[in-house]
């Protein structure tokens, strides 16, 4: 139990829920209706199924985590959870999550499976895409699928699906993840990933502008964009970089929450 509490399962739960709700909010904004029970079932299925990757990732990274500062606090590296316990936990969560997703729809279950496969390719020691140049597009694709789950939990049809908007938020999320992973306090690391970071920024701007022109999400998008200003002030206020990084990690979820609320209010 101690290992479970110290794991990423509960820490990342709100983030995964918000990503699901972005897609659900888009569906509501387009069609003006939503199946609450179906949404809750899809949300639960996603959170449980996706939670199975965290014990798996900890197993894959255990040798690196033991040698790496904060990562040594992870359950397996710390000794709070054995590899056998992590495997069992991952299997139980995977089976339960897929069973629930199958109750939503076959399309939704396939989407969850694609998401899990992409994460496996990203983290597995057999492929380790996160250490390869292809890690950036793979990360964007993972987030795109996750943001899409809220929509496809409610329908199997792509009619009205705001592809460019979902791509935009996926790029923004991936950009924040990339900054966190390369450590923005390390100038050399940022410079080494410069092309990838700038490409994500440019694509984010282009997809944002295209989404604003093509879709009827103008008010939620504008409100969310305006909120970037106080969010930026919140990040830059502390003098030390550690506080800035920690605050910066909270910005994307807060902005997604603003967008979700604006959509459900019918703005």
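The values are calculated or read from the model by the stated rules, or taken from the named source; none is laboratory data. What you are looking at is a predicted structure, and each value in this text was computed from that prediction instead of being measured. With ideal geometry, Cβ positions are generated from the backbone for all residues, glycine too; neighbour counts draw on all protein chains shown.
Of all residues in the range 186-202, none satisfies being at pLDDT below 95, closer than 16 Å to residue 30 by Cβ and buried (at least 17 other Cβ atoms within 10 Å of the Cβ).
Among the criteria (1) in a helix (DSSP H, G or I); (2) closer than 20 Å to residue 16 by Cβ, the one residue 154 does not fulfil is (1). Would a scan of the range 205-214 turn up a residue that is in a helix (DSSP H, G or I), under 22 Å from residue 12 (Cβ atoms), modelled with pLDDT of 75 or more and within 20 Å of the chain's Cα centre (by Cα)? Scanning the range 205-214, I find no residue that is in a helix (DSSP H, G or I), under 22 Å from residue 12 (Cβ atoms), modelled with pLDDT of 75 or more and within 20 Å of the chain's Cα centre (by Cα), so the answer is no. Within this structure, residue 38 passes the test of being more than 21 Å from residue 118 (Cβ to Cβ), in contact with a helix residue (DSSP H, G or I) (Cβ under 8 Å, 6 or more places away or on another chain) and modelled with pLDDT of 90 or more. Which of the residues that make up the range 162-181 are in a helix (DSSP H, G or I) and either buried (at least 24 other Cβ atoms within 10 Å of the Cβ) or at pLDDT 80 or above (or both)? Residues satisfying the conditions are 163, 164, 165, 166, 167, 168, 169, 170, 171, 172, 173, 174.
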